[in-house]
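Undergrad: After the structure tokens below, expect a handful of questions from me.
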Amino acid sequence: MCNNSLAEEKFKELDAFIDGLEEDEGNLIVILHKAQNLFGYLPREVQLHVSRKLKLSAAKVNGVVTFYSYFTEEPKGQHVISVCMGTACFVRGASDILSSLQEKLGIKCGETTKDGKFTIDSLRCVGACGLAPVVIADGRVHGRVEIDDLDKILVELESGVR
Amino acid sequence: MSGHKQLRIALRNCGVIDPENILEYIARGGYMALGKILDEMAPEDVIDELKKSGLRGRGGGGFPTGLKLEFARRNEGERKYIICNADEGDPGAFMDRSILEGDPQSILEAMAICGYAVGANEGYVYIRAEYPLAIERLTIAIRQAYEAGLIGDDIMGSGFSFDIKIKYGAGAFVCGEETALISSVEGNRGEPHFKPPFPAEKGLWGMPTTVNNVETLANIPSIFNMGAGRFAEIGTKTSKGTKVFALAGNVNKVGLVEVPMGTTLREIVYDIGDGIVGGKKFKAVQTGGPSGGCIPEQFLDIPIDYESLKEIGSMMGSGGMIIMDEDTCMVDIAKYYLEFTTDESCGKCTPCRIGNKRLYEILCKITKGEGTEEDLDSLKELGGIIKDTSLCGLGQTAPNPVLSTMKYFYDEYLSHVRDKKCPAGICSSLTRYEIIADKCIGCTMCAKACPTACISGKVREPHKIDQAKCIKCGACFKACKFDAILKS
Amino acid sequence: MKKVNVTINDIKIAVPENYTVLEAAREIDVEIPTLCHLNLHDLKAVNRSASCRVCVVEIEGRGTLAPSCSTYVAEGMVIKTHTPRSVKARRTMVELLLSDHPKDCLVCEKNQRCELQKLAADLCVREIKYTGAQSTYEIDNSSRSIYRNLDKCILCRRCETMCNEVQTCGILSGMDRGFETVVGPAFGLPMIDTMCTFCGQCVAVCPTAALTEINQIREVWDAINDPEKIVVVQTAPAVRVALGEEFGMEAGTIVTGKMAAAMRRLGFDRVFDTDFAADLTIVEEASEFIHRLRHGGTLPILTSCCPAWVKFFEHQFPDLLDIPSTCKSPHEMFGTVVKTYYAAKMKIDPEKLVVVSVMPCLAKKYEAARPELNTNGMQNVDYVISTREAAKMIREAGINFVDLPDEDFDNPLGESTGASVIFGTTGGVIEAALRTACDWLTGESLEKVDYHQLRGLEGIREGTVKIGDMEVRIGIAHGLGNARRLLEDIRSGKSTYHAIEIMACPGGCIGGGGQPYHGGDEGIIKKRADAIYREDQGKAKRKSHENENVIELYRDYLGEYYGEKAHELLHTSYQKRELI
Amino acid sequence: MIKIKSFNELKELKESLNAQREHIRIIVGMATCGMAAGAGEVFDSIAGEIMRQGLKNVTVVRSGCMGACHSEPTVEIVKPGEDPVLYGNVDSSRAKVIISNHIMRGEIVEELVLEKNYETASLGEVEQ
């Protein structure tokens, strides 16, 4: 985890968020969303913090975290590139896009490059099927992507220019 | 193009109004249905009207909506709940997202109507976290509806109160199943439960609960505005109204379409979708997502409704409609869907957890050229047992893509196992690359591109591929500028 | 209950409307196999996950097969339980489970005790039709109690139900999903790093060898075979009413004498009875109770013989560490007494002594290794084996248990009273304590020894006992979920009890995690309880403070009850533990 | 926003809202698909152009999906008393052309027009 005082601030913000929720037993998932937004991922100490705060067993919290694909226990790279693997994208060649991306970065889907710069993910349909195949780079949707576009997308991410 | 094939009821406001401005919704007749109901109708009448309309659930099974509400009304409970299922998880479907992004107020109005009908005062919208824009617009819509007094306490002075909260999904397709969804709303792992008890008896927090999907709800205000009778005039004998489809894949005009039930696939694919990309040959249309099946050309002219799709081995599902052209390998498609369902299986019951995994493994074997004809029998037999024994809808329908492609495209399966060939040229292990000596000028481009150095030959002389070493990556095929490489 | 008419395999029958198809079928002697299903009605331990799909049947008018364990009967329902379609589906379920299973049955801890193995045999599975990936996990033998080999897990989720719903410990949860689903502690932690109490209820209900005890048979044999060592064995009260089941005897058969004989034949040098130490525990605990009553100490007092319960409150109620009795558990007291008093009396070098406990419990294994349960640098108890392990040793040694003659325990430390026997069932410890406390408080020898109001299998029981002019309010809980409720009342100040007995396992020690598998039949637990009270009835002495060996021990060695020496040797302390 | 306290108040509000409708509406499809295809930039450039041209009777509206995902971004021009016109594949420069030609001069930019192949169910007394 990043430096301690920063983490402390985030824990405070998380606590404030939890305290602000209406009493409702079903808040675990919404809290985990918030925690992942704050910390970028859900490391063990964050899950334990949530479990203690909500008086839920750590196993329950961890069971929920590992059930849902949206939650991650591993930190992600600076830039996250997700390839949509929805059916529309699939029939329009998304798997080629994914393998080419994996080749370019030398990592598999779900992994992060050694320098911590890039993470490749696959997604199950973002609902932009009209633009298939779709690649989402740091939250920005690129439609009708071809393999040749990937270099441009990577350069854009690295340089921060859009 | 021939006239107006589409009729928009659920999508009536999408692309017409500003979804972030409740006044635009009101100007288009928004909340008139709720107002009228609260003003002059008894809850029983609301249910009767819905029954009369013939509206059925648009999320999958097609259960009559009026009946569903009636069950929840009849069951006693300290509290009752209305849940809007907006966890659209079908890959290739985006109807619900579009409605939430384009007309979120219609969902809120419909939820309040359902609440009044069953005697519920609380509602949840369970929405995919992957839909940030829809969440944003829904949040704004809820705030505005509260401010306008159209949800919340004592709506329009009627004495009826209805609250709506948002709950986020977190990436689990199985949460489209209502009991799994309820587990998830309660903050648990989204594992389905055996029914009975049905949610209408014991749902959220053990209270009577009605779960409806977004499109179903979007229809409800219109039914009261246009009259159940007129709604019921649209569609087929068993399936009333319209259906929204997300038309995608190898079709020219991908998009969101809404057609009366009973429209044929041909009309959708060719008239609305403007045919296949690049003038290629149509091969199949996949409906119902991972729970559905692939429909071949011979059924393009059947009028589609819940029953007809089921009869031909597919289902309505939520409305994803993927068009596949001649370059699609049906075994590969089946494998794709099975990979999806094995990833998304909650892992609770044996047939889904292990059975579907085994189906997937057999398909992998086949696409690698290692399958046998016995494997085809196993697929069929195991697929049937999984359908017969699984705990929830996900497992019960997971083998559909395999079984329907086997039914209609058995030849393709046979080619894979008997001839070790993939007719569409998709399964890379079964592809063979050969250099046509007559066309090869010996430019060496292919040899340079080959990652395994299995292409040999002198400069300016025809090259040769060592088949034993070839990994079928296709790099040579892409590198050759003289069409001298034959892919088969 | 209203009855409904159903037809099962063409036989018409009326059954109560709250019956499942499975229960209805049993009424006409049709047995449908089950795997995930578990229903211990009275103990309120129900696992109805309907997930294994082995019990599927055909119901007329339904498109798919229905799980009979979870499908309730309805008027006019027509059921066929063993059609080719359902039997084939059942067999396929087992084939699928086996396709993801190690199939090392011959060398498996659960060989011949495994429900999956039995099912495969019953359904005539002769080949494993489907092959493919097999899940593999690291073995967890981190604790002294529970061995987890998840390669053998079939995800019936019974362990989760016991851990979360019955025991409310929350150690186990489903993790991941799909084919990767596994049941385990948070973050894949080894059990020893969790707040697991090692009650072993997960082990007690596991149908396969995914969860078993950490077997210490080898170590015990080595000790027995070591000529330098004097190996002392002690057997817990609940063992004698269950051990016979391992040898085909009717549940509830009392085998105290055969057990003592078997222990001797296994080669143990001294064969003792933990019951003696149970009497010792009672005189200490009753003294402590009276002391607290008279000196304004913390009340209620909580019993502390159950090691799973002790670990539970250390993790979950660290703010209440001053209310449990500080008495060590009986077998720990026994170990201490053997390695001090007995060694001195018999002139044996205590370093040569090896104390082995035969227990119905897996938490005792963990307890024996607790560093504070140590006297003069020696652990009080060296090895703990479960009732099941004892049976294995007896079989391994070729002893024909059923035909053994009855023998007595060794002396001294061999005497026990009826009060100590009832330690084996829920409510027994507090009843035993009352027998002594009442006599002491009134200064009379009271005739009343049977406190029927405190008996039974209700999860939480309470009673008021008049002692002279004082009304003593007693609470009893078995199962940690019930215990939690009592504890929470204490925490919030709502509790008005003077003394509370808590046992971690449903039914008390007779339902312990180390007992012969009950296989989901709670009738077995009831029969064991009945046997316990029969054994008590048959005893000449039924009050702990009348145990001559105990009296002698204090006279010769310990001095006063609850005195300085007794504190040093027979009491312990508790510590706050982390919550994971 | 005023709180609506009765069904009558709702009806009155609706009527008054419809009475005001004499503006030209430029609707930009801004659902996920549209946004991904650049509808955000298109919206900004249209809004900017309207300001620059000082057009007073024009409202620019962000709407949801119009259904024509194949030709995103899409823009619809609704002039009172005329059939709505749907444009596809609009970018910033094309948007300017649409404003100058269609809005300001009343000339439809034919090459960008998409056929609108659906009808919307009449919602009782509600006029489109």
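The values are calculated or read from the model by the stated rules, or taken from the named source; none is laboratory data. It should be emphasised that the depicted structure is a prediction, and the values quoted were computed from it without experimental measurement. Reconstructed Cβ throughout: ideal geometry from the backbone, glycine too, with neighbour counts over all protein chains shown. All accessible areas refer to the heavy atoms of the entire protein, side chains included, with ligands and DNA or RNA removed. Shrake-Rupley method; radii C 1.70, N 1.55, O 1.52, S 1.80 Å.
Undergrad: Within the set of pairs 6+ apart or on separate chains, which have a first residue in region C:481-507 that is more than 19 Å from residue C:198 (Cβ to Cβ) and outside any helix (DSSP H, G or I), a second that is open to solvent by 50 Å² or more (accessible area, probe 1.4 Å) and among the hydrophobic types (A, V, I, L, M, F, W, C), and C-beta atoms under 7 Å apart?
TA: Filtered contacts from region C:481-507: C:498/C:299.
Undergrad: Related question: Just for strands (runs of 3 or more DSSP E) wholly inside region C:155-261: which have at least 1 residues that are within 26 Å of residue C:39 (Cβ to Cβ)?
TA: Counting at least 1 such residues, we get C:173-175, C:182-184, C:211-213.
Undergrad: Name the single residue, out of those in region C:67-99 being of a type in the set (D, E, K, R) and without any contact (Cβ under 8 Å) to a residue 40 or more places away in the chain, that is farthest from residue C:10 (Cα to Cα).
TA: C:95
Undergrad: Can you tell which of B:28, B:8, B:79 is surrounded by fewer than 21 Cβ atoms within 10 Å (Cβ to Cβ), among the basic types (Lys, Arg) and out of contact with any helix residue (DSSP H, G or I) (no Cβ under 7 Å at 6 or more places or on another chain)? Explain how you work it out, then say what you get.
TA: Numbers: B:28 fails: surrounded by fewer than 21 Cβ atoms within 10 Å (Cβ to Cβ); B:8 fails: surrounded by fewer than 21 Cβ atoms within 10 Å (Cβ to Cβ).
One residue alone meets the criteria, B:79.
Undergrad: If you check residue B:12 against the conditions, is it outside any strand (DSSP E or B), away from every other protein chain (no Cβ under 14 Å) and closer than 30 Å to residue D:115 by Cβ?
TA: no
Undergrad: Taking into account only those residues within region B:375-404 that are among the acidic types (Asp, Glu) and within 10 Å of chain C (Cβ to nearest Cβ), which is surrounded by the most Cβ atoms within 10 Å (Cβ to Cβ)?
TA: Per the stated criteria, the residue is B:388.
Undergrad: Considering region C:293-312 alone, what residues qualify as being touching a strand residue (DSSP E or B) at 6+ places or on another chain (Cβ under 9 Å), part of a helix (DSSP H, G or I) and modelled with pLDDT under 95?
TA: C:293
Undergrad: When residue D:73 is evaluated against the numbered criteria (1) of a type outside the set (Val, Ile, Thr); (2) more than 14 Å from chain B (Cβ to nearest Cβ); (3) surrounded by 14 or more Cβ atoms within 10 Å (Cβ to Cβ); (4) assigned to a loop (DSSP other than H, G, I, E, B), which criterion, by number, is the only one it fails?
TA: The number of the failed condition is (2).
Undergrad: State the number of residues belonging to region B:60-76 that are in contact with a helix residue (DSSP H, G or I) (Cβ under 8 Å, 6 or more places away or on another chain) and acidic (Asp, Glu).
TA: Going residue by residue through region B:60-76, those that are in contact with a helix residue (DSSP H, G or I) (Cβ under 8 Å, 6 or more places away or on another chain) are B:60-62, B:64-67, B:69-70, B:72-73.
Remaining after also requiring acidic (Asp, Glu): B:70.
Within region B:60-76, residues that are in contact with a helix residue (DSSP H, G or I) (Cβ under 8 Å, 6 or more places away or on another chain) and acidic (Asp, Glu) number 1.
Undergrad: Let me ask another. Across region B:17-44, which residue is farthest from residue B:116 (Cα to Cα) among those that are β-branched (Val, Ile, Thr) and facing chain D (nearest Cβ under 8 Å)?
TA: Only one residue tops the list, namely B:17.
Undergrad: Only one of these conditions is not met by residue B:328: (1) in a loop (DSSP other than H, G, I, E, B); (2) at the interface with chain C (Cβ under 9 Å from one of its Cβ atoms); (3) of a type in the set (Val, Ile, Thr). Which number is it?
TA: Condition (2) is where residue B:328 drops out.
Undergrad: Next up: Suppose we keep only residues that are under 12 Å from residue C:514 (Cβ atoms) and not β-branched (Val, Ile, Thr) within region C:367-391. Which one would you say is surrounded by the most Cβ atoms within 10 Å (Cβ to Cβ)?
TA: Ranking the candidates gives C:386 first.
Undergrad: Looking only at region A:91-102, decide whether some residue is in contact with a Gly (Cβ under 8 Å, 6 or more places away or on another chain) and either open to solvent by 50 Å² or more (accessible area, probe 1.4 Å) or within 14 Å of chain D (Cβ to nearest Cβ) (or both).
TA: Yes, region A:91-102 contains a residue that is in contact with a Gly (Cβ under 8 Å, 6 or more places away or on another chain) and either open to solvent by 50 Å² or more (accessible area, probe 1.4 Å) or within 14 Å of chain D (Cβ to nearest Cβ) (or both).
Undergrad: Additional query: When the residues of region B:340-351 are filtered to those that are in a helix (DSSP H, G or I) and under 17 Å from residue B:90 (Cβ atoms), which remaining residue is farthest from the other protein chains (Cβ to nearest Cβ)?
TA: At the first step, the residues of region B:340-351 found to be in a helix (DSSP H, G or I) are B:340-344, B:350-351.
Checking the rest, the ones that are also under 17 Å from residue B:90 (Cβ atoms) come to B:340-344.
On the way: B:340: 7, B:341: 9, B:342: 6, B:343: 6, B:344: 7 Å.
The selected residue is B:341.
Undergrad: Now a separate question. Just one of C:64, C:81, C:71 is within 14 Å of chain B (Cβ to nearest Cβ) and crowded, with 21+ Cβ neighbours inside 10 Å; which is it?
TA: C:71
Undergrad: Could you tell me which numbered condition residue C:100 fails, if it satisfies all but one of (1) within 9 Å of another protein chain (Cβ to nearest Cβ); (2) touching a Cys at 6+ places or on another chain (Cβ under 8 Å)?
TA: That leaves (2) as the condition not met.
Undergrad: Going by the conditions given, is residue B:112 within 14 Å of chain D (Cβ to nearest Cβ), farther than 30 Å from residue B:341 by Cβ, open to solvent by less than 10 Å² (accessible area, probe 1.4 Å) and of a type in the set (A, V, I, L, M, F, W, C)?
TA: Yes, satisfied.
Undergrad: Turning to a different aspect of this structure: Return the total of residues in region B:185-232 being without any contact (Cβ under 8 Å) to a residue 60 or more places away in the chain and of a type in the set (S, T, N, Q).
TA: 1
Undergrad: Counting only residues that are more than 18 Å from residue C:423 (Cβ to Cβ) and either acidic (Asp, Glu) or open to solvent by less than 30 Å² (accessible area, probe 1.4 Å) (or both), which one in region C:442-462 is modelled with the lowest pLDDT?
TA: C:447
Undergrad: Could you count how many residues in region D:27-66 are among the hydrophobic types (A, V, I, L, M, F, W, C) and either part of a loop (DSSP other than H, G, I, E, B) or more than 12 Å from chain B (Cβ to nearest Cβ) (or both)? Please lay out each step first, then the result.
TA: Narrowing region D:27-66 to residues among the hydrophobic types (A, V, I, L, M, F, W, C): D:27-28, D:30-31, D:33, D:35-37, D:39, D:42-43, D:46-47, D:50-51, D:55, D:58, D:60-61, D:65-66.
The next check asks that each one be either part of a loop (DSSP other than H, G, I, E, B) or more than 12 Å from chain B (Cβ to nearest Cβ) (or both); those that pass are D:30-31, D:37, D:42, D:46-47, D:50-51, D:55, D:58, D:65-66.
Selection size over region D:27-66: 12.
Undergrad: Only one of C:238, C:260 is closer than 15 Å to residue C:408 by Cα and in contact (Cβ under 8 Å) with a residue 24 or more places away in the chain. Can you tell me which?
TA: Testing whether each residue is closer than 15 Å to residue C:408 by Cα and in contact (Cβ under 8 Å) with a residue 24 or more places away in the chain leaves just C:260.
Undergrad: Is it the case that residue C:285 is open to solvent by 10 Å² or more (accessible area, probe 1.4 Å) and in a loop (DSSP other than H, G, I, E, B)?
TA: Here the answer is no, as residue C:285 does not meet what is asked.
Let's see how each residue does on (1) farther than 30 Å from residue C:389 by Cβ; (2) in contact with a helix residue (DSSP H, G or I) (Cβ under 7 Å, 6 or more places away or on another chain); (3) open to solvent by 40 Å² or more (accessible area, probe 1.4 Å); (4) small (Gly, Ala, Ser):
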{"site": "C:90", "(1), (2), (3), (4)": "yes, no, no, no"}
{"site": "C:94", "(1), (2), (3), (4)": "no, yes, no, no"}
{"site": "C:97", "(1), (2), (3), (4)": "no, yes, no, no"}
{"site": "C:100", "(1), (2), (3), (4)": "no, yes, no, no"}
{"site": "C:111", "(1), (2), (3), (4)": "no, yes, yes, no"}
{"site": "C:116", "(1), (2), (3), (4)": "no, yes, no, no"}
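Undergrad: What's the number of the condition residue D:79 fails, among (1) open to solvent by 10 Å² or more (accessible area, probe 1.4 Å); (2) more than 8 Å from every other protein chain (Cβ to nearest Cβ); (3) closer than 18 Å to residue D:31 by Cβ; (4) within 10 Å of the chain's Cα centre (by Cα)?
TA: (3) is the only condition that residue D:79 fails.
Undergrad: Do the conditions hold for residue B:310, that is, is it in the same structural domain as residue B:406 (by TED's automatic domain parsing), part of a helix (DSSP H, G or I) and open to solvent by 10 Å² or more (accessible area, probe 1.4 Å)?
TA: For residue B:310, the condition - in the same structural domain as residue B:406 (by TED's automatic domain parsing), part of a helix (DSSP H, G or I) and open to solvent by 10 Å² or more (accessible area, probe 1.4 Å) - is not met.
Undergrad: Could you tell me which of the residues C:10, C:42 is surrounded by fewer than 19 Cβ atoms within 10 Å (Cβ to Cβ), more than 14 Å from chain B (Cβ to nearest Cβ) and closer than 22 Å to residue C:159 by Cβ?
TA: None of the other options fit; the residue is C:42.
Undergrad: Test each condition in (1) part of a loop (DSSP other than H, G, I, E, B); (2) without any contact (Cβ under 8 Å) to a residue 24 or more places away in the chain; (3) of a type outside the set (Gly, Ala, Ser) for residue B:387 and report the one that comes out false.
TA: Status for residue B:387: all satisfied but (1).
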